[in-house]
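Taken together, the values in this text are just the output of simple stated rules run on the coordinates, not laboratory data. It should be emphasised that the depicted structure is a prediction, and the values quoted were computed from it without experimental measurement. Methodologically, a virtual Cβ is constructed for each residue, glycine included, from the backbone with ideal geometry; neighbour enumeration extends over all protein chains shown.
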Amino acid sequence: MPVTIRFLGHSAFMFESGDFRVAIDPFLTGNPSAEAAGIKADDLNPTHILLTHAHGDHLGDTPAIAKRTGAQVIANHEISEWLGSEHKIADLNPGNPGGGVPTSFGRVEFTYAIHSSSLDSVSPGFYMGNPCGLVVRIADTTIYHAGDTALFSDMKLIGELYKPDIAILPVGDRYTMGPKHATLAAEWVGAKTAIPCHYNTWPPIEIDINDFAPKGIDVRALKPGETLSV
């Protein structure tokens, strides 16, 4: 069964296959790239929401969308506990790096990511567990969303263990890998297709996307609202 990947801006994506609609890091309200494309949180109707970490530009509209749609939220333990206690979201499927969880659409593995994960909407530095990358198995497709991360050598292991078809990698520098480190990351992961994200949303993470140029890999720099079918 085919999978459609839709870029929603910044690091937000929607994966669709059959009856399943999987949103990742649905930061839409206040996201200038999503807003310029006319993409609104109220227009999304996911069956599942996946979160890489708790920063506002990733957790984003999760509580409102989950309450409205009843979507299951898949996130680390601390984010899941917070969503349950503070927002009364009941359908939670928590995990942590090194583990994975079964889902009705397939499976999600939690991988390592070098970053931070505080809840800045509550107070600076409010601890929200470890940041994660996510390996999503949906239909017959495996997608690695690296979340926010630096380059690290275990990306080779992620490629070896999960053999992703698609790698979604941050390239915006300053808070994550820049395009040159992300180029090496894409080559280490070894997916046939790489989609860059987390760049050009605001001036501090503006880069020349042409500097993201992994050898032998199809780079698909999607604009917000654009889709890729695999």
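Pull out a ≥ b ≥ c, the square roots of the eigenvalues of the alpha-carbon gyration tensor of segment 83-190, then state rounded if a/c is under 1.5, prolate if not and a/b is larger than b/c, and oblate in the remaining case. It is oblate, given that a/c is not under 1.5 and a/b is not larger than b/c. Measuring how big segment 17-91 is from its alpha-carbon positions, Rg and Dmax come out at 11.8, 34 Å. Beta bridges per DSSP, both residues in segment 4-229: antiparallel share near 60 percent. Partner lysines whose Cα lies under 16 Å from the Cα of K180, excluding those fewer than 8 positions away in the same chain, are identified as K215. Just to be sure I understand: with springs between alpha-carbon atoms less than 10 Å apart, which residue in L184, L51, L28 has the highest mean-square fluctuation in the Gaussian network model of the chain? In this elastic network of the chain, the residue with the biggest mean-square fluctuation among L184, L51, L28 is L184.
Please say if segment 55-132 is rounded, prolate or oblate, where rounded means a/c under 1.5 for a ≥ b ≥ c the square roots of the C-alpha gyration tensor eigenvalues, and otherwise the choice is prolate for a/b larger than b/c and oblate otherwise? Oblate, because a/c is 1.5 or more while a/b does not exceed b/c. Only helical DSSP H runs with n ≥ 4 go in: add -39500 (n - 2.57) per run for the chain, normalise by residue count and round the 222 nm mean residue ellipticity to 500 deg cm²/dmol. Counting only the DSSP helices, I get -5500 deg cm²/dmol.
Toward the positive end of the charge dipole of the chain, with +1 on the Cβ of Lys and Arg and -1 on the Cβ of Asp and Glu, the farthest Cα among F15, A90, W202 is that of F15.
In this structure, the amide hydrogen of G133, modeled 1.01 Å from its nitrogen in the peptide plane, lies closer than 5 angstrom to those of T111, Y112, A113, counting only residues at least 5 positions away or on a different chain. Can you check what the net charge comes to around L134, using other residues whose Cβ is under 13 Å from the Cβ of L134 (Lys, Arg +1; Asp, Glu -1)? Charge balance in the 13 Å sphere: -1.
So for the chain, what percent of the C-alpha to C-alpha distances run longer than 31 Å? Roughly 12 percent, once rounded to a whole number. This ranking places E187, E35, E16 by how few other beta-carbon atoms lie within 10 Å of each, fewest first, which gives E35, E187, E16. With R₀ fixed at 22 Å, the C-beta to C-beta distance from Y127 to N96 puts the FRET efficiency at about 0.95.
Remark on G100: its backbone amide H falls under 5 Å from those of F110, a criterion applied only to residues 5 or more positions apart or on other chains, H modelled at 1.01 Å from N. By the beta-carbon count within 10 Å of each Cβ, the least crowded to most crowded order of L169, L157, L119, fewest first, is L157, L119, L169. Sorting S116, S33, S229 by the number of Cβ atoms found within 10 Å of their own Cβ, with the fewest placed first, yields S229, S116, S33. Across segment 129-209, Cα-Cα pairs farther apart than 21 Å form 24% of the total.
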